[in-house]
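The values are calculated or read from the model by the stated rules, or taken from the named source; none is laboratory data. It should be emphasised that the depicted structure is a prediction, and the values quoted were computed from it without experimental measurement. Positions of Cβ are backbone-derived with ideal geometry, glycine not excepted, and every protein chain shown enters the neighbour counts.
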Amino acid sequence: MMRITFVFLMQSFLVLGIATNASAATILWTGGGGTDTLWSNPSNWDAGVPTAADFARNPLGGGSAMLIDGTVAAVAGDLDFGVEAGPTTLNMTGGNLDVVQTDGGSGNLKIAFGGGTLDPNGSVMNLSGGAVTATILTAGNFGDGTLNMTGGTVDLSFALVVAENIAAAGGSGKVQLDGGTITMNILILKNGGLIDITDGTLQFNGVAASAAGNITDLISGGFVTGFGGAGTVVVDTTTTPGSTIVTAVIPEPGSMMLLSLGLVGLLLCRTRVR
């Protein structure tokens, strides 16, 4: 029942977001800057670098790439990439990306937003440094969307959504969390979605009890894994008051050896008893 309520709230929020987007200017990525793929290069956009009141989109596909580095403070009211035409990559190595909720946008950051047309080859956001803030981040919406994270932070005031509208259009959503921290209030992870954690951290703020119940169900269902299934996902509701911290560990080689020896000993004992 808890997860159904979360999904209902999410759908209501998205409807409100679509309504407010009517007043936003849509700024399209053209890649006109050539080898300079920086977000901050006006030549890469059809109407200049987006502002917080704008709807930024990359509809190019064809493996087009955008870059946010330590010199860039990027903003947008909404950001979609991997839109209908095919795969797109956003590489972020530093700086800031603020997808903010204003009169012109709902603060949605969507990776692989097909708009009803499947992006079969996948769009990717590679985050190795810097800070991302948004209301909602969706990995895989009418397409294959992946967030690869090795560093930096993602701070979401509402939700992380993995595999939205996948049942209707096909595709998948994945978060590969190999470093850094993703902070949110709600996690919505649907069929076709996966979160795999190695050295990164998921943090739920202000909803420790309900988040712990929800995340435990997702772990047992195989939607949240550690080290590709070879590790253990750890849910901590005590270290940080009011928060749930989710990490992953993998047994040390020595522990694995002791476990193996114990199993061998058990089998030998059972054999002797027979």
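Within the stretch 175-210, count every residue that is farther than 14 Å from ALA159 by Cβ and either assigned to a helix (DSSP H, G or I) or of a type in the set (Gly, Ala, Ser) (or both).
Selection size over the stretch 175-210: 6.
ALA73 fails exactly one of the following numbered conditions: (1) touching a strand residue (DSSP E or B) at 6+ places or on another chain (Cβ under 8 Å); (2) modelled with pLDDT under 95. What is the number of that condition?
The number of the failed condition is (2).
Filter the stretch 211-244 down to the residues that are part of a helix (DSSP H, G or I) and among the small types (Gly, Ala, Ser) and list them by number.
ALA211, ALA212, GLY213, SER220, GLY228, GLY229
From the list GLY213, GLY206, GLY170, pick out the single residue that is out of contact with any Ser or Thr (no Cβ under 8 Å at 6 or more places or on another chain), surrounded by fewer than 16 Cβ atoms within 10 Å (Cβ to Cβ), at positive phi and at pLDDT below 95.
On the way: GLY213 fails: at positive phi; GLY206 fails: out of contact with any Ser or Thr (no Cβ under 8 Å at 6 or more places or on another chain).
Testing whether each residue is out of contact with any Ser or Thr (no Cβ under 8 Å at 6 or more places or on another chain), surrounded by fewer than 16 Cβ atoms within 10 Å (Cβ to Cβ), at positive phi and at pLDDT below 95 leaves just GLY170.
Which one is nearest to PRO87 (Cα to Cα) among residues in the stretch 134-144 that are modelled with pLDDT of 90 or more and crowded, with 22+ Cβ neighbours inside 10 Å?
Selected residue: ALA139.
Counting only residues that are modelled with pLDDT under 95 and in a loop (DSSP other than H, G, I, E, B), which one in the stretch 53-70 is nearest to THR89 (Cα to Cα)?
GLY63
Count, please, the residues in the stretch 24-52 that happen to be polar (S, T, N, Q) and part of a loop (DSSP other than H, G, I, E, B).
6
Can you spot a residue in the stretch 82-102 that is within 17 Å of ILE136 (Cα to Cα), touching a Leu at 6+ places or on another chain (Cβ under 8 Å), charged (D, E, K, R) and in contact (Cβ under 8 Å) with a residue 12 or more places away in the chain?
No - not one qualifying residue is present in the stretch 82-102.
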